[in-house]
Amino acid sequence: MKTVDELLSAVLSGELGPDPAELTATSVFWIHHGTRLAGGDVTYLNQYVLVRVGGAFGGCAFEAGEIDPAICRDASGSSLATLLREAPRALRTAALDAYLAAVAPHREAPGAEPVTLPAGPPEVRAVARDTAIAGLLDIAPGARVALIGVVNPLVAAIRERGGDPLPCDLNLRTTQWGDPVSDDMHEVLAAADAVVATGMTLSNGTFDTILARCRERGVPLIVYAQSGSAVARAFLGAGVTALSAEPFPFSQFSAEPTALYRYRAAPRAKGGS
């Protein structure tokens with residue numbers, strides 16, 4: 001698979017599991033929440049649409065105004081194939097995520113390394129999550145790390161790993177420490193020695209571009225995904241080097257221990273003579 005559309009086509013044709021026309025999106029729901037961590041000056045405003053298929057949930061963040069809450073009434077009970085073909089991008093991504101998570105749950109997936117985030121306040125859980133993500137980086141001291149989708153604890157975690165963050169975000173202009181945040185993804189992709197990107201790139205349609213650019217340059221791509229975590233997993237070894245997958249319920253919605261799952265692409269075999 002080289003693009004999300006290719007993955008979607010494979011699912012619709014039944015190549016990766018059961019026919020999605022025979023599966024029902026039992027529940028479609030919408031979450032809007034705000035978060036400001038203690039000591040921070042940024043309020044993160046996030047919207048998610050989520051789809052339940054059997055024992056699995058799929059989720060995808062979206063920008064304000066892209067989806068109306070009424071979609072929950074209209075889409076709940078639809079066949080998964082209908083959502084995959086006709087829904088807005090974020091809901092389509094959530095439906096695709098739910099399908100892939102139902103076929104291969106993260107908790108049962110070969111190669112998945114569970115990481116338990118500790119019980120506690122948001123600040124403790126956010127630092128633990130972002131430290132786990134940064135732990136997927138295998139970089140030399142001073143390596144430039146493009147961070148596409150900025151959260152301040154992850155900026156700090158990259159620095160603690162010895163990296164030089166190149167933050168990029170459409171909604172933030174500076175980090176908590178005053179670092180300038182670019183709004184030009186292509187600028188940071190061209191300069192980076194490694195790339196860390198959020199699953200939100202699946203929602204805004206930039207994931208395929210990031211994937212292709214990292215392949216072209218031979219640059220490691222680490223994805224941290226609440227949005228489309230099972231979708232991003234499909235590209236491990238095909239552009240995605242490592243993945244932190246956090247299925248619903250996401251860490252910010254609980255004060256109890258929850259799990260995320262880290263994956264690393266298998267090393268490519270070297271050709272013989």
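The values are calculated or read from the model by the stated rules, or taken from the named source; none is laboratory data. None of the values given here were measured: they were computed from a predicted structure. Backbone-built Cβ (ideal geometry, glycine too); neighbour counts: all protein chains shown. With ligands, DNA and RNA removed, areas are computed over all heavy atoms of the protein, side chains included. Shrake-Rupley method; radii C 1.70, N 1.55, O 1.52, S 1.80 Å.
Which net charge results for the neighbourhood of LEU12, defined as the other residues with beta-carbon distances under 13 angstrom from its beta-carbon, given Lys and Arg at +1 and Asp and Glu at -1?
Values: positive: ARG85, ARG92; negative: ASP5, GLU6, GLU15, ASP19, GLU22, GLU86.
Net charge in that neighbourhood comes out at -4.
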Cα centre as origin, Lys/Arg/Asp/Glu Cβ charges: region 83-125 dipole, Debye: 180
One finds the C-alpha centres of region 1-74 and region 150-203 to be spaced, in Å, by 23
Along its three principal axes, how long is region 67-205 when you only count alpha carbons? Whole Å, largest extent first please. 50, 33, 30
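In debye, nearest 20, what is the charge dipole magnitude of region 97-190 about its Cα centre with +1 on Lys and Arg Cβ and -1 on Asp and Glu Cβ, if you could check? Please list the in-between numbers first.
Working: 7 positive and 13 negative charges, 48 e Å.
In debye, rounded to 20, region 97-190 gives about 220.
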Once the dipole of the chain is set up with Lys and Arg at +1 and Asp and Glu at -1 on Cβ about the Cα centre, which of GLY149, ILE31, SER76 lies farthest towards its positive end? GLY149
Which order do you get for ASP97, ASP184, ASP74 if you rank them by accessible area with a 1.4 Å probe, largest at the top? ASP74, ASP184, ASP97
Would you kindly compute the Cα radius of gyration of region 135-273 and its largest Cα-Cα separation (Dmax), both in Å? 14.9, 55
Per the Cauchy relation, a quarter of the hull surface: what is the mean projected area of the convex hull of the alpha carbons in the chain, in nm²? 14.8
Spin-label zone in region 211-249 - amide nitrogen under 13 Å from a point set 7 Å from the Cα of GLU256 along the C-beta vector: 249
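Give the range of the longest stretch in the chain that excludes all trypsin sites (Lys or Arg not before Pro) found in loop regions by DSSP and having at most 15 other beta-carbon atoms within 10 Å.
Numbers: sites that count: LYS2, ARG36, ARG173, ARG268, LYS270.
With trypsin sites (Lys or Arg not before Pro) excluded where exposed in loops, the chain gives 37-172 as its longest stretch.
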Given a 1.4 Å probe and the protein chains all in place, what does the accessible area of VAL150 round to, in Å² to the nearest 10? 10
Could you tell me the accessible area of PHE253 in Å² (1.4 Å probe, neighbours in place), rounded to the nearest ten? 80
